[in-house]
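The block underneath contains the structure these notes are about, expressed in structure tokens.
We did not get these values from a lab; they are worked out from the coordinates using the rules stated. Predicted model, so just to flag it, every value in this text is computed and none were measured. All Cβ positions, even for glycine, are placed from backbone atoms using ideal geometry, and neighbour counts span all protein chains on display.
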Amino acid sequence: MKKYILLFIPIIFYAPSLFTYYEGIDSHWIYVMKIVVNLFTVSICLGLILKVTTLHNVMNWLIAASFVIYFIVLYQQTIFNQFYFDRVEFNPENLSFLFNSVNVIPLRGIIEVIQNSPNAIFQIVGNLIMLTPFAFCMMYFKWAKKMKSAIIYSFFISLFIETIQFIQHVLGLLFNIGFGRSTDMDDIILNTLGAVGGIGCYYIWTKIEKMFHHGGVKKMYRKTNKDF
């Protein structure tokens, strides 16, 4: 049960926002409600993840705490709900913008971003590494038993994020509720490739861990001294 102490991290993260109200954005109760909803969502997700996580040693705790912080940042950057209800109205004329903002053609978005923005590499790298820590932790904590399962889970996590962003985009464009995020097939591709990188990092980690565990570093040191 001690592992659930980690759920205090999102509380510490969101608590200051409850006492920082910006006049003119929303009525106070709506602002508080948004913070509470996001805190509740993050806490439930992390609670379910911690339920299937076993922490044996200090390193496990450090990686689990790092994952919790990473998960909060991931949520903030991809799903965080920012709904505004002061200008709600139906705008069917924005329907055409909705379809134009969704890319379901693989690689098209990447090519367009590279052509139109000199800083595109940062956006691409950001999408590429977005699920790398998630995939690493899937393998490290045995949430996924096999590499194939971790890749499949990562794909569906990315698909879920894009689906939520699409729903937010619909609400933003058609009903003026909050703001929308673009939905792009390329994001799913990059996220999944990044997950493969996270799995690779896990296998490198296990090699290093075994090397230290079996005294591999000392053996290498002795061998190097003999060579000289």
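Can you tally the net charge around residue 185? Count Lys and Arg as +1, Asp and Glu as -1, for every other residue whose Cβ sits under 9 Å from the Cβ of residue 185. Working shown, then result.
Details: positive: 108; negative: 162, 184, 186, 187.
Local net charge: -3.
Based on other C-beta atoms within 10 Å, arrange 196, 37 from fewest to most.
On the way: 196 16, 37 12.
Lowest count first: 37, 196.
Report the label-to-label distance for residue 8 and residue 104 in nanometres (one decimal), using points 7 Å from each Cα along the Cα→Cβ vector.
4.8 nm
What does the extension gain come out to for residue 121 and residue 28, with contour length at 0.36 nm per residue minus their alpha carbon separation?
Numbers: separation 93, 0.36 × 93 = 33.48 nm, distance 3.94 nm.
Between residue 121 and residue 28, full extension yields 29.5 nm more.
Just to verify a number: FRET efficiency for residue 203 and residue 20, C-beta to C-beta distance, R0 = 35 Å, to 0.05?
0.20
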